[in-house]
Amino acid sequence: MLNMLARNANKVLKNNSACLLIALLSFGVISCTDTKPTSLPQSTKVEHLVQSYITTTNTNGTAFPIVSKDGVTPLWVSSQDYSGVLKVAEHLQADIKRVTGKKSVIVQDKASGKTGIIIGTIGKNPLIDQLIASGKIDASQVAGKWDTYALQTVDNPTSDIAQALVIFGSNKRGTIYGMYDLSRNMGVSPWYWWADAPIQKKHNVYVKPGFYTAGEPKVKYRGIFINDENPSLTNWVVENYGSYNHKFYDKVYELILRNRGNFLWPAMWPGPREISAHAFFADDPMNHKLADEYGVVISTTHHEPMMRAADEWYRGDFGPWDYKTNKDFFQEYWRGGIERMGDYESVVTVGMRGDGDTALPGGTQVELMQSIIRDQREIIEDVTGKPAEKTPQVWAIYKEMQDYWDKGTRVAEDITILFCDDNWGNIKSLPKKSDLARSGGFGIYYHFDYVGGPKSYKWANVTQIEKVWEQMNLAYEHGANEIWVVNVGDIKPHELPTSFFLDFAWNPEKIRQDDLPDYYVQWATEQFGSEHASEIANILALYTKFNARRTPEMIDATTYSVEHYREAERITNEYNELLAQAKTLFNKLPKSHRSSFYQLVLFPVESAANLNEMYVAAAKNKFYIDRGASRSANAYADKTKALFYKDEALHEYFHNELEDGKWNHMMAQTHIGHPHWYSPSINSMPAVQYAHTTGKAADIGFHVEYGTIYHFGGVRFDGLKWHYHNRLPQFDPVNDQSYFIEVFNKGAEDLSYKLEPQHPWVKLTKSQGTIATDEKVYVSIDWKQAPQGLEVGEVLLSGAGVEYTILVPIRNEMPKGKGFIENNGVVSIEAAHYQRAQGKNNIKWITIPNYGRTDSAVTVSPSTADTQSLNASTPHLQYTFTLFDNTDIKLDTYLAPTYNFKRGEGLKFAVSIDDKKPQIVNMHETEGVWGKRAGDHAAIETTEHKSLKAGEHTLKIWMIDAGVVFQKFVLDTGGIKTHEVKSKGVFDSPITNKGGLKPSYLGPPMSHYEN
């Protein structure tokens, strides 16, 4: 059974009551010997999604009726308002009908009747302006602000109106947001169309009396980038719209605005026409016009300067992509982009990269780049007739552009500097305090999808919102708040992180790390209602965690260990148990909810579970081939093939049957068998091998947990029988382990076997069986009967005419100590489970729940805290652990793969044990590790610590630089105290399983904790 993930891990181990506190703080219990999360922690209320001003009853008669037994309240708008506002009023009208089944009337310019919903933009609706002037509505929190809206109920707003709900905005987007906010509160998800989220039906809809506003957004431009859209989105668009035209973008703009975004980098897959490149402006002139009508700000990507889509270059013979030799043409080409932009609200990208998303030839040329941008600004001034600073501009510091910035390239103060991540969610650079005064400010370009090294990832949602929070909070606290834009690939399947990114961008100060678990609950509530929201939230949090351990495109049969820590088995069990939960929920939901649930929850879980199990099956095929277990190997070869074709069947259903084929092509990105950074054209099954049996009717083999690969092992012949020896790991009464002996059949017929303990204190889960392939029998110790000290018991395995002697070593002598207890030479500690956290002044340690590959993560807040020198008052964490013997150790510190965003010598921290001098570690000192860290979603730093005595110790983790995120600590003694054992006085058994850290992807599970 999987365990529950605790919340507030910073309190978990206080007062020496770790397991009790974890049990109390979570929905269930967690074992202190493992950290397999399967449930969301509780959390505080998050207020950013919905403001809960809707009610279905009007018991005291003060609520404002939108739909009631008396009818449907009309929508009053002004013909003087923006056309986009009038268009979205029709969306609100449709949403009211979706929720209640009743249609409201839209009335322009004349408010007729006793009640009405007054909708308008300040300065564009005379009735709104009249209400402000008369003091009937409070515009002090709206007027003059950016993208701000409010909803206010008003009694007797005028002499002939008894009651009104007023929706008003500071600009067109503000008013539009206000209408969509009402829709969202009524029960229309922003994903009602893009994910078929069910409408939450109501007979009556009222607004509670009061004034409601989300305030002014903290990030000015908040948006998405549609990218890497071939083949999935492009084939879907062509099938449904013919091209990337305004009919398609109408749906995109609505989605952005319903999520309170305002910014778009359009689809622009670059390259020759034969790969279906897209040019937003040239493909359909209505694309930009419609965006401006809605208030969606259009910009262009990091390699598309001056409002020119990349593919426009390929549509003519324009000479070389070289500003030095082709300057005259470029100036006219860029002039055309700005002329075409006209008065549409836009953000102009400046600068220049090489052809096709590459670097300019000739290396970093600072003077050339500065002259290019100066020339571009002259064009902007000339075409617009305004000073350049009056037109919003952005320079993207992407890839090689970082080198320009680092070497001192600076541009006009009004140009926004757009820093970027490393394409894997790790921000590469952030502004220094000295730069924050520049008027253009800073922004961030982030990724949920990417084509490039170490391998492209485009198929599944592999983004933890917890990582998005940590990195974008880092950005916000460092002053990058002008533009946040995220690469969402094909839009689907990134619904959840897209919502979070845009919600967080609205006000990063309103969502803190402790609120993240509740975000899942509120998002699930918004899509599916409250009845099963907590269960759905749990699945969302965990499938994204599991997917984020390693992108599907990077997984292969070697990723997870089939030999150590039961890792591969745990991975498949976690996914499959999550899948069972999802299927149970699917069957509980009404039919109206199932399509959306399949898209947002069930398919992501089932497809990922299937893919991971397929690779594990391929790994087990090789595992049994290496051990001569042909029948088991062949069974796993068959299983690999079946799971590979199941992947195809899942996609066939998604494309052809779900919603009657509405989403055909949308999940068509290849995701199996990626040999290179770029995606292959087809999915290809992982390699497997088939093997013949030994030719015997039944033939026995075995393997012990953590055992080495062997064929003839420790073997002797006593004149009558061959005796084979192998050794289980060491058992001790504190960890009270259970280890398996796996029996497998190498013959052509079923195998009968027996297992006989040779000592009364050795316990088995099974003593005999008949198998076709393989079976595990678990060994444990009855410590009441076990002898003291170091001892070795035996289990005799027999079958098919041979016997094996399997050694069972025990250690029934334990040093005094508490905390995390050594197990076979290893101590594993999850970072969130500390005993003490020391802060300093305003610096404190915070836990980011669910963040990371195995548990939760710990870092310091604020992320802008100054670098610390080491002394007794320096912020640090403490962990208690116990070793069995005098030993040297190696300590592996598992970190989030944070980039060197300060662009200095690297981010540092320090580690120490007991009172030894802290060792300073620079996590960016080693070159050439980025690809591994990005792919592993972890950075591991190793330190050595000498001459530790048996017993209790204290590990201390010291802050030096903010921004370092700790996830796990693993202490390796390199081995255990053991001794040679005579087997029946005849043969010295080989000493295998000496302990120490074993190879694995995630590292060993968390150690047992003693109070």
With the charge dipole of the chain built from beta-carbon charges (+1 for Lys and Arg, -1 for Asp and Glu) about the Cα centre, the Cα from Met286, Ile106, Tyr804 projecting farthest to the positive end belongs to Tyr804
Around Arg627 (Cβ within 13 Å, Cβ-to-Cβ, excluding Arg627; K/R +1, D/E -1) the net charge comes to -1
Given the candidates Gly174, Tyr1001, Thr115, the one whose Cα lies deepest towards the positive end of the charge dipole of the chain, counting +1 at each Lys or Arg C-beta and -1 at each Asp or Glu C-beta, is Thr115
extent check for the stretch 819-1010: Cα max minus min per principal axis, descending, whole Å, gives 67, 36, 28
Exposure-ranked with fewest Cβ neighbours within 10 Å first, Phe731, Phe654 stand as Phe654, Phe731
Percent antiparallel among DSSP beta bridges confined to the stretch 54-212, nearest 5, equals 60
Taking Lys and Arg as +1 and Asp and Glu as -1, residues besides Pro760 with C-beta under 15 Å from its C-beta add up to -2
Least to most buried among Tyr323, Tyr678, Tyr615, by other C-beta atoms within 10 Å and fewest first, runs Tyr678, Tyr323, Tyr615
Computed about the Cα centre, the charge dipole of the stretch 819-1010 from +1 Lys/Arg and -1 Asp/Glu charges at the Cβ has a magnitude in debye, to the nearest 20, of 100
With R₀ set to 41 angstrom, the calculated FRET efficiency between the beta-carbons of Asp892 and Arg410, to the nearest 0.05, is 0.50
In nm, the gap between the two label points placed 7 Å beyond Cα toward Cβ at Val238 and Val105 is 4.8
Counting sequence-distant residues (5 or more places) and residues on other chains, those with an amide H built under 5 Å from that of Tyr221 are Ile483, Trp484
The farthest towards the positive end of the charge dipole of the stretch 819-1010, of the residues Gly963, Thr943, Thr882, given +1 on Cβ of Lys and Arg and -1 on Cβ of Asp and Glu, is Gly963
Treating only Lys and Arg (+1) and Asp and Glu (-1) as charged, each at its beta carbon, one finds that the chain has a dipole about its Cα centre, in Debye to the nearest 20, of 1900
With the convex hull built on the alpha-carbon atoms of the chain, volume per residue in Å³ sits at 184
Rounded to the nearest Å, the spacing of the alpha-carbon centers of the stretch 379-433 and the stretch 733-788 is 65
As a percent rounded to 5, the proportion of antiparallel DSSP bridges among beta bridges in the chain is 70
When Thr349, Thr805 are arranged by how many other beta-carbons sit within 10 Å of their Cβ, fewest first, they go Thr805, Thr349
Per residue convex hull volume, Cα only, the stretch 54-212, in Å³ is 100
The size of the Cβ-based charge dipole (Lys, Arg +1; Asp, Glu -1) of the stretch 221-510 about the Cα centre, to the nearest 20 debye, is 400
FRET efficiency (Ser780, Ala437; Cβ distance; R0 56 Å; to 0.05) is 0.25
Full extension between Asn922 and Ile682 adds, at 0.36 nm per residue less the Cα distance, a length in nm of 82.2 nm
Check: C-alpha center the stretch 282-336 vs C-alpha center the stretch 797-821, spacing in Å is 70
Note to self, the chain gives a 222 nm [θ] from helices alone (DSSP H runs n ≥ 4, -39500 (n - 2.57) apiece, / all residues, nearest 500) of -8500 deg cm²/dmol
Between Asp660 and Ser592, the two model label points (7 Å from Cα along the beta-carbon direction) sit apart by a distance in nm of 1.8
Between the modelled labels at Asn576 and Lys87 (7 Å from Cα along Cα→Cβ) the distance in nm is 5.1
With the 8 Å Cα cutoff and a minimum separation of six or more residues, the chain has a relative contact order in percent of 11
Taking Lys and Arg as +1 and Asp and Glu as -1, residues besides Val605 with C-beta under 15 Å from its C-beta add up to -2
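Every number in this text was worked out from the coordinates using simple rules, so none of it is lab data. Keep in mind the model is a prediction, meaning the values are calculated, not measured. Positions of Cβ are backbone-derived with ideal geometry, glycine not excepted, and every protein chain shown enters the neighbour counts.
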